[in-house]
Amino acid sequence: MTKKPVVPGFEGKRRTALESIRRFCLACMGGSAPLVAECASTTCTFHGYRMGVIEQGADRRLVRVIAGYCREECQPGEEPATCTAGKVFMDLEPCVLWPFRTGRNPYISAEQREKLRRHAQEQYQLAGGGARFRPRTIETPAP
């Protein structure tokens, strides 16, 4: 059995981006699922994901949504890569969003990322190049 990769500096449990957002919303609402369902904060970045599903019209690029939250709302003016909330501090649990703060899924290797990119390019070509979304072909370095 292969061991799941860990993120250096993160002391929390491994979760998907959607599970992490759900956990974040639960913590925000005091751990109460009924309160999360009735959340009235429609301006919150995570409102469309609070129930653990992506609501219609919400952005499906969850890692980018989390990175945007970290950059603009949690630590405005600071670089998310320098965040230290991935460790247990006193009695506080590590931030569940921390692994995704840089806009990359840390559980996907560079090889897997390249494989996914090639697949997306092939699908774009099969659609005659007229697909609604064009895959990104130029890799930007991670911060």
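The values are calculated or read from the model by the stated rules, or taken from the named source; none is laboratory data. The structure presented is a predicted model; accordingly, all values stated were derived computationally and were not measured. Don't worry about glycine lacking a Cβ; one is built from the backbone with ideal geometry, like all the others, and counts go over all protein chains shown. Heads up: the accessible areas ignore ligands, DNA and RNA and are worked out on the full protein's heavy atoms, side chains in. Shrake-Rupley method; radii C 1.70, N 1.55, O 1.52, S 1.80 Å.
Counting residues in the stretch 36-43 that are open to solvent by less than 80 Å² (accessible area, probe 1.4 Å), within 11 Å of the chain's Cα centre (by Cα) and at pLDDT below 90 gives zero. Scanning the stretch 7-19 for residues that are open to solvent by less than 80 Å² (accessible area, probe 1.4 Å), of a type outside the set (A, V, I, L, M) and either more than 11 Å from Pro94 (Cβ to Cβ) or free of Cβ contacts under 8 Å to residues at least 24 places away in the same chain (or both) returns Arg15, Thr16. Determine whether the stretch 47-61 contains at least one residue that is under 23 Å from Phe10 (Cα atoms) and open to solvent by 60 Å² or more (accessible area, probe 1.4 Å). Checked the stretch 47-61: at least one residue is under 23 Å from Phe10 (Cα atoms) and open to solvent by 60 Å² or more (accessible area, probe 1.4 Å). Per the conditions (1) of a type in the set (A, V, I, L, M); (2) open to solvent by 40 Å² or more (accessible area, probe 1.4 Å); (3) within 20 Å of the chain's Cα centre (by Cα), the sole criterion not satisfied by Ala67 is (2). With the structure loaded, tell me whether Glu78 is of a type in the set (Asp, Glu) and not in a loop (DSSP other than H, G, I, E, B) or whether it fails that test. No.
Residues that are at pLDDT below 85 and on the phi > 0 side of the Ramachandran plot within the stretch 93-143 comprise Gly128, Gly129, listed in sequence order. How many of the residues in the stretch 82-105 are among the hydrophobic types (A, V, I, L, M, F, W, C), open to solvent by less than 90 Å² (accessible area, probe 1.4 Å) and either more than 21 Å from Glu19 (Cα to Cα) or assigned to a loop (DSSP other than H, G, I, E, B) (or both)? Qualifying residue count, the stretch 82-105: 6.
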